[in-house]
There are 6 protein chains.
Amino acid sequence: MFKYQVDEHTSLAITEMRHAEALYNVIAENRHHIGQFLMFAKNQTLEETKSFVETSLTRFATGIGVPTCIWYDNQLIGSIGLHISKANRSASIGYWISKEYEAKGIMTKCCKAMIDYGFRELDLNRIEIRAIKENIRSRAIPERLGFKLEGTLRQDVQLYDAMADTIVYGLLAQEWLY
Amino acid sequence: MFKYQVDEHTSLAITEMRHAEALYNVIAENRHHIGQFLMFAKNQTLEETKSFVETSLTRFATGIGVPTCIWYDNQLIGSIGLHISKANRSASIGYWISKEYEAKGIMTKCCKAMIDYGFRELDLNRIEIRAIKENIRSRAIPERLGFKLEGTLRQDVQLYDAMADTIVYGLLAQEWLY
Amino acid sequence: MFKYQVDEHTSLAITEMRHAEALYNVIAENRHHIGQFLMFAKNQTLEETKSFVETSLTRFATGIGVPTCIWYDNQLIGSIGLHISKANRSASIGYWISKEYEAKGIMTKCCKAMIDYGFRELDLNRIEIRAIKENIRSRAIPERLGFKLEGTLRQDVQLYDAMADTIVYGLLAQEWLY
Amino acid sequence: MFKYQVDEHTSLAITEMRHAEALYNVIAENRHHIGQFLMFAKNQTLEETKSFVETSLTRFATGIGVPTCIWYDNQLIGSIGLHISKANRSASIGYWISKEYEAKGIMTKCCKAMIDYGFRELDLNRIEIRAIKENIRSRAIPERLGFKLEGTLRQDVQLYDAMADTIVYGLLAQEWLY
Amino acid sequence: MFKYQVDEHTSLAITEMRHAEALYNVIAENRHHIGQFLMFAKNQTLEETKSFVETSLTRFATGIGVPTCIWYDNQLIGSIGLHISKANRSASIGYWISKEYEAKGIMTKCCKAMIDYGFRELDLNRIEIRAIKENIRSRAIPERLGFKLEGTLRQDVQLYDAMADTIVYGLLAQEWLY
Amino acid sequence: MFKYQVDEHTSLAITEMRHAEALYNVIAENRHHIGQFLMFAKNQTLEETKSFVETSLTRFATGIGVPTCIWYDNQLIGSIGLHISKANRSASIGYWISKEYEAKGIMTKCCKAMIDYGFRELDLNRIEIRAIKENIRSRAIPERLGFKLEGTLRQDVQLYDAMADTIVYGLLAQEWLY
């Protein structure tokens, strides 16, 4: 598999169509957990997961996306990816992980790997992480990694019956590399 | 012409392909003025303006964009449009105006009209305006209209040789309609 | 809304995707009435109305169609549109109206507005109206507006189980503008 | 070659991409002759002929077009094709022939063959031929074959600097088959 | 119909959309017979036959496919076609025939016609026929026509629950034409 | 970078758009060397390399291609990829390497890695390598790895002014894995 080794157990691998089913299974097993702040997880079907994989890889094909799965000892346990703006040399990182592997520092390490890849290999200048205000666990990652809280977009996202605020965190290449 | 009357002299009309040349001419006459904060204006060709019009109207066709030209007494003098996220019932407004018609309150009126259209007719919940930090004139409009400054995205945009910060302003339906 | 005011009560507005449902409802309430000479109305589903709106707007995007809805005091009551041949600077007009608003002169006024728009704003040279021979009410409009009957195309259209003749009416810019 | 034998010397063959160059050569040698009433012939490049062939065959692929070349003793000498409306079981015939082969009755025979094919094999109900009013030679064919003159569409076609009238001829299956 | 006369009774005609249903019927009546070595025949629906016809004709449109039906006295009895590589001036022939018309020498004649067409009209240099090893009847045709057995591709094709070997036969223009 | 470590120095990485220029440079420096048996290399432009990368990644997106670059100590030195037939659980491998890195056993190792990936991770049943008969160096690889020579396709490929024979080598999962 084509991968980026994060630590002894953990690696990121470009999502492949043949992993769509494994990816779907993790989503299905974590509908409530992931779906709390990411609505897609609540009802996504296998067909929709496949279509998401194809769309993501099409973005990879033109260099505006980097979709990866997180693997832990040959187990697919989550997803992390970049959405890139070439014109502005910036990207945002999105991620989720299976409940069972949460709170072990895995996602923080994966984010570090993605940030390294973005700043060092893709020559990005700015990386952004957006999280829903109430998603404390998700917000802890950019805070731990030294991102700066740059804004609070009010009622930015429809989350089931309510509107939720988005917190925007930003990190610059000059802050990470030196 | 299919239009939205803003005041006695000013109206917004859905951009039509036959106006591409007039639109191009205003851009060409204002390359330095508009191009100071919007890079596209510096070198856009007539072909590119036409292609932009077609792309924008294709967005209109699926209900995710509303591209309009600003007319003053039968003269095309600028552009204002919505980019819509249906899922989040939100939109951002983008605009520019010919130097000659600046500082007459025209753009503020046009924005008010667009905001009315967005909140009352399109049933949006949130409208955003983004401006480059140094673009004082552009920022004055959301400030005058009661938008709240929600964030400063550092080095968010490539502006010629430098990176520029983006200021995000947000306005909610509940703040506008009551 | 982006519209063309026809008289105090009546206006034409570029069809928007968000009006697809209202448009469908008028069709559904007038299946028998409209469907007498326009087969699409007999069985069209909401999905098909939406797809028609998208197709029509895509034609608008390239300047070969102008799809509008007829509004009477904030009520959607019918449809009128242009199909344009740029190469020949000509267009044909198609229209239908809810039964309840028929025979009040509304459609004649709307056609006049479309003809004005076509000859004055789009710089057309010829406008055509086609109607099924037996559709007396529809034929009355071009006759009232001074179109010339130019031909009778025999068995030109399948109308349910039978073939129907098409009457072609033509009007030239030189006949309308002076 | 896949063909329809018209007489001992003449046959119609579905246009194939490999004939695009021969087709182009006849057009190029007859620019003035064909171009008198068909503007495309005046400036068409080989690239445009190829693109026309591909478009025509794509119409053939969905059963709405039948593009053929006219062959005379292994020489490509002209073109004749059908544009089909399945919904109305009707078609129009378009044609042109090299000057050298004109006035020998070839085109009349080819039209008869196409009409037979249309009424007998494609089960059409109506076939139409349209010609520019001044194109006496082209109009002679439907008149000779018993088509009825159904209309004169005034200023229907842009022909170089002027507008030309179109004569519409119609023929019904019941008139041809019995 | 546009056809290539093979003998007094037999002809090949470019597949047309209107023949999709007849084509489907032959497949449906021969599901077991054709399906023994061609899996598509086992379950193909009418919709799939139509979609196959459209795809094949789209290949014809760009000169990389020649899909034909085999007709015997106005009866559609089978299919034969070319898949062309322009870059290599080569093609492969694929075919099947209704059980009832097998073992009469019809397919051998049709292949000869296709080979003639390929080498003489399309200027091919190499024609290939591939057959599953166990398909004795299909293999007899290239052997009878002087093709050379060039290879045995082991487990090349999934045939229901098993893998089957493919035999490749090749024929060169220089071997056929002189 | 997302990669598959082959040995201490060598790795395979999914081709990314940002590597198109490095890939082009190796081709440009090896036009004569690679181009001897692979015509694309003789004249390929940077634009064509980019378009090839996008096409290949689009194949990757649907799981029918695996395009990789060969890296040696952070230097892009060649290319190796799979073309997959899902229906038959088979693939063919294509490859080329810079002259400077030839004859060091690198390509044999890369092929072994690809074969492992194909049989173990993609669950393929058959892998094929095709080489032009005269390309001794390329043929040595499947021979060294235990592929079986299954056929010689005569005049299968246009190679500049001449036709060349293709040698087909096949390897089965059961031969590799046990």
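The values are calculated or read from the model by the stated rules, or taken from the named source; none is laboratory data. No experiment lies behind these values; they were computed from the predicted model shown. Note that we place each Cβ from the backbone using ideal geometry, even for glycine, and neighbour counts take in every protein chain shown.
Across the range C:72-102, which residue is nearest to residue C:142 (Cα to Cα) among those that are without any contact (Cβ under 8 Å) to a residue 24 or more places away in the chain and within 14 Å of chain D (Cβ to nearest Cβ)?
If we take residues in the range C:72-102 being without any contact (Cβ under 8 Å) to a residue 24 or more places away in the chain and within 14 Å of chain D (Cβ to nearest Cβ), then C:85 is nearest to residue C:142 (Cα to Cα).
Could you run through the range B:61-71 and say how many residues are without any contact (Cβ under 8 Å) to a residue 40 or more places away in the chain and not β-branched (Val, Ile, Thr)?
3
Restricting to the range C:17-47, name every residue that is under 25 Å from residue C:85 (Cα atoms) and surrounded by 14 or more Cβ atoms within 10 Å (Cβ to Cβ).
Answer for the range C:17-47, where residues must be under 25 Å from residue C:85 (Cα atoms) and surrounded by 14 or more Cβ atoms within 10 Å (Cβ to Cβ): C:17, C:37, C:38, C:39.
What is the one condition in (1) out of contact with any Gly (no Cβ under 7 Å at 6 or more places or on another chain); (2) over 20 Å from residue C:17 (Cβ atoms); (3) within 11 Å of another protein chain (Cβ to nearest Cβ) that residue B:112 does not satisfy?
If we test residue B:112 against (1) out of contact with any Gly (no Cβ under 7 Å at 6 or more places or on another chain); (2) over 20 Å from residue C:17 (Cβ atoms); (3) within 11 Å of another protein chain (Cβ to nearest Cβ), just (3) comes out false.
Residues E:103, E:131: which one is at pLDDT below 95 and aliphatic (A, V, I, L, M)?
E:103
For residues that are surrounded by fewer than 19 Cβ atoms within 10 Å (Cβ to Cβ) and among the β-branched types (Val, Ile, Thr), tally how many sit in the range E:122-133.
1
Say whether the condition of being touching a helix residue (DSSP H, G or I) at 6+ places or on another chain (Cβ under 7 Å), at positive phi and at pLDDT 95 or above is met by at least one residue in the range C:120-127.
No; the residues of the range C:120-127 include none that is touching a helix residue (DSSP H, G or I) at 6+ places or on another chain (Cβ under 7 Å), at positive phi and at pLDDT 95 or above.
Keeping to the range C:19-38, report how many residues are outside any helix (DSSP H, G or I) and among the polar types (S, T, N, Q).
2
Only residues that are buried (at least 17 other Cβ atoms within 10 Å of the Cβ) and either facing chain F (nearest Cβ under 10 Å) or among the charged types (D, E, K, R) (or both): list them for the range A:55-66, please.
A:56, A:57, A:58, A:59, A:60, A:61, A:63, A:66, listed by residue number.
Run residue B:88 past the list (1) buried (at least 18 other Cβ atoms within 10 Å of the Cβ); (2) under 20 Å from residue C:60 (Cβ atoms); (3) in contact with a Lys or Arg (Cβ under 9 Å, 6 or more places away or on another chain); (4) not acidic (Asp, Glu) and report the number of the one that doesn't hold.
The failed condition is (2).
What number of residues within the range A:39-53 are over 16 Å from residue A:161 (Cβ atoms) and assigned to a helix (DSSP H, G or I)?
Going through the range A:39-53 one residue at a time, the tally reaches 10.
Is it true that residue C:23 is within 26 Å of residue B:53 (Cβ to Cβ) and within 12 Å of chain B (Cβ to nearest Cβ)?
no
In the range B:4-18, which residue that is part of a strand (DSSP E or B) and over 20 Å from residue C:114 (Cβ atoms) is farthest from the other protein chains (Cβ to nearest Cβ)?
Taking the candidates together, the pick is B:10.
Which one of these does residue B:1 not meet: (1) away from chain C (no Cβ under 14 Å); (2) assigned to a loop (DSSP other than H, G, I, E, B); (3) farther than 25 Å from residue B:132 by Cβ?
Residue B:1 satisfies every listed condition except (1).
Identify, please: which residue in the range D:134-163 is among the basic types (Lys, Arg) and crowded, with 16+ Cβ neighbours inside 10 Å and is, among those, farthest from residue C:129 (Cα to Cα)?
Per the stated criteria, the residue is D:139.
Please find, within the range A:117-139, the residue that is nearest to the other protein chains (Cβ to nearest Cβ) out of those that are assigned to a helix (DSSP H, G or I) and in contact (Cβ under 8 Å) with a residue 12 or more places away in the chain.
Filtering the range A:117-139 for residues that are assigned to a helix (DSSP H, G or I) and in contact (Cβ under 8 Å) with a residue 12 or more places away in the chain, the one nearest to the other protein chains (Cβ to nearest Cβ) comes out as A:117.
How about the range A:82-116: which of its residues are in a strand (DSSP E or B), within 12 Å of the chain's Cα centre (by Cα) and closer than 24 Å to residue A:174 by Cβ?
Those that are in a strand (DSSP E or B), within 12 Å of the chain's Cα centre (by Cα) and closer than 24 Å to residue A:174 by Cβ: A:82, A:83, A:91, A:92, A:93, A:94, A:95.
Within the set of pairs 6+ apart or on separate chains, which have a first residue in the range C:37-54 that is under 20 Å from residue B:62 (Cβ atoms), a second that is assigned to a helix (DSSP H, G or I) and not aromatic (Phe, Trp, Tyr), and C-beta atoms under 6 Å apart?
That search, which allows pairs on different chains as well, returns C:44/C:27; C:49/C:20; C:49/C:23; C:50/C:20; C:53/C:17; C:53/C:20; C:54/B:61.
Could you check how many residues of the range A:140-161 are part of a loop (DSSP other than H, G, I, E, B), over 17 Å from residue A:33 (Cα atoms), in contact (Cβ under 8 Å) with a residue 24 or more places away in the chain and within 14 Å of chain B (Cβ to nearest Cβ)?
2
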